[in-house]
Amino acid sequence: MSTAAAGSLTVVDMHTAGEPLRIVTSGYPDLPKGTILEKRAYVRDHLDHLRKILIFEPRGHADQYGALLVEPDLPDADLAVLFMHNEGYSTMCGHAIIALGRYAVDQGLVQPGEHVSNVNIECPCGLVRAEVTMRDGKPAEVSFESVPSFLFARDQVLEVGSWGPISFDIAYGGAFYALADARQFGLEFDRDPAAAFVEAADALTRAVKQALPLSHPDAADLAFLYGSILTDGSDAYSDQPTRNVCVFADRQVDRSPTGSGVTARLAAMQARGQIGIGQQRVFTSIINTRFTGEVASLTRAGPHQAITARVSGKAHYTGRSEFSVEADDPLAEGFLLR
């Protein structure tokens, strides 16, 4: 199927704490049966032109994010989802889970409860269970419990560009992230521009990818560095918020605190003895929106001591669209301009 031959694509747009989510409602062909990772590979190898139509300009932008609902493979799943961004397809996305929890209730994809509606969402990283708070019969805040998450590598040091030696951890929260204190790069939130954080985080990501191979006990497809999270260094438990920014994929900037990133930070904090089970922490983003997070349980992931995390936030609708491609459009493939 060529890009020019693509029919119309309809979407519902939402945001969670400022981070966009474009949910595909029609226009994709049926996918072959298989596991969620097999579906992810099929979409990547055969239908990537549709991702570019939805995510790239002129219909999207470099920081757009998308979700494609597919047939679940796990028996407990109410729905399954593939996540898409400017570079490809991720394995987990917390802000999307929060939005999809509300969407599933609104669309009647699950039976709503009186006080809480449960939505089980199959992701490439595994089954994620979302709880949707109901108020006056309508969905409100959404929380999810993560897949097993863990500190993969602690107190690593690499020379990063002109900044010199940078200390960081690598943690998994449904995706792998490098975690570093932004102050090592001379950066402060509310003082320095977002572009400076992007440069530093992207340089760290590139350095880590070159130097440190990753592994995951469940699947080789999960063993890649998704991005870097720069923090305010406030890792020890406090009733004060801690701030971070996630730069992932191709220098894409998360406007939310990053659900899988909060999960990865909680896994690292717990492994370091900086937070206990049930201690709730507020995490704020580069635009000062917030998620709450806590360690929900202790578990294992293969050889790794691990946790599950509970992360909460709220999503809102922003619009509905129908996109098309004209056969003679020279920009049918889409483009990105920064």
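Given the conditions (1) touching a Phe, Trp or Tyr at 6+ places or on another chain (Cβ under 8 Å); (2) over 24 Å from G88 (Cα atoms); (3) surrounded by fewer than 20 Cβ atoms within 10 Å (Cβ to Cβ), and given that A236 satisfies all but one, which numbered condition is not satisfied?
(1) is the only condition that A236 fails.
Check whether at least one residue in the stretch 162-182 is at pLDDT below 95 and either among the hydrophobic types (A, V, I, L, M, F, W, C) or touching a Ser or Thr at 6+ places or on another chain (Cβ under 9 Å) (or both), and report yes or no.
Looking through the stretch 162-182, none of the residues is at pLDDT below 95 and either among the hydrophobic types (A, V, I, L, M, F, W, C) or touching a Ser or Thr at 6+ places or on another chain (Cβ under 9 Å) (or both).
Output the number of residues of the stretch 245-282 satisfying the condition of being within 16 Å of T308 (Cα to Cα), surrounded by 24 or more Cβ atoms within 10 Å (Cβ to Cβ) and of a type in the set (G, A, S).
Count: 6.
Going by the structure shown, is V110 of a type in the set (A, V, I, L, M) and in a strand (DSSP E or B)?
It is false that V110 is of a type in the set (A, V, I, L, M) and in a strand (DSSP E or B).
Which of the numbered conditions does I121 fail, given that it passes all the others? Conditions: (1) of a type outside the set (S, T, Y); (2) open to solvent by 10 Å² or more (accessible area, probe 1.4 Å); (3) within 22 Å of P217 (Cβ to Cβ).
(2)
Scan the stretch 52-82 residue by residue and report those that are touching a Gly at 6+ places or on another chain (Cβ under 7 Å) and not in a loop (DSSP other than H, G, I, E, B).
Listed by number, the residues that qualify are K52, I53, L54, I55, E57.
Got a sec? Which strands (runs of 3 or more DSSP E) wholly within the stretch 117-231 have at least 3 residues that are touching a residue at least 60 places away in the same chain (Cβ under 8 Å)?
In the stretch 117-231, the matching strands (runs of 3 or more DSSP E) lie at 138-145, 150-160, 164-172, 176-181.
Between L82, L54, L74, L69, which is at pLDDT 95 or above and either under 23 Å from I287 (Cα atoms) or in contact with a helix residue (DSSP H, G or I) (Cβ under 6 Å, 6 or more places away or on another chain) (or both)?
Criteria check complete, one pass: L82.
Kindly establish whether T16 is under 28 Å from V142 (Cα atoms), among the β-branched types (V, I, T), in contact with a strand residue (DSSP E or B) (Cβ under 6 Å, 6 or more places away or on another chain) and open to solvent by 20 Å² or more (accessible area, probe 1.4 Å).
No; evaluated as a whole, the condition is false for this residue.
Limited to the stretch 283-334, what total is found for residues that are within 27 Å of D106 (Cα to Cα), hydrophobic (A, V, I, L, M, F, W, C), surrounded by 21 or more Cβ atoms within 10 Å (Cβ to Cβ) and touching a Leu at 6+ places or on another chain (Cβ under 7 Å)?
Result for the stretch 283-334: 1.
The values are calculated or read from the model by the stated rules, or taken from the named source; none is laboratory data. Please read all numbers here as calculations on a predicted model, not as lab measurements. Using ideal geometry, Cβ is built from the backbone for each residue, glycine included, and neighbour counts are taken over all protein chains shown. Heavy atoms of the whole protein, side chains included, go into the accessibility calculation; ligands, DNA and RNA do not. Shrake-Rupley method; radii C 1.70, N 1.55, O 1.52, S 1.80 Å.
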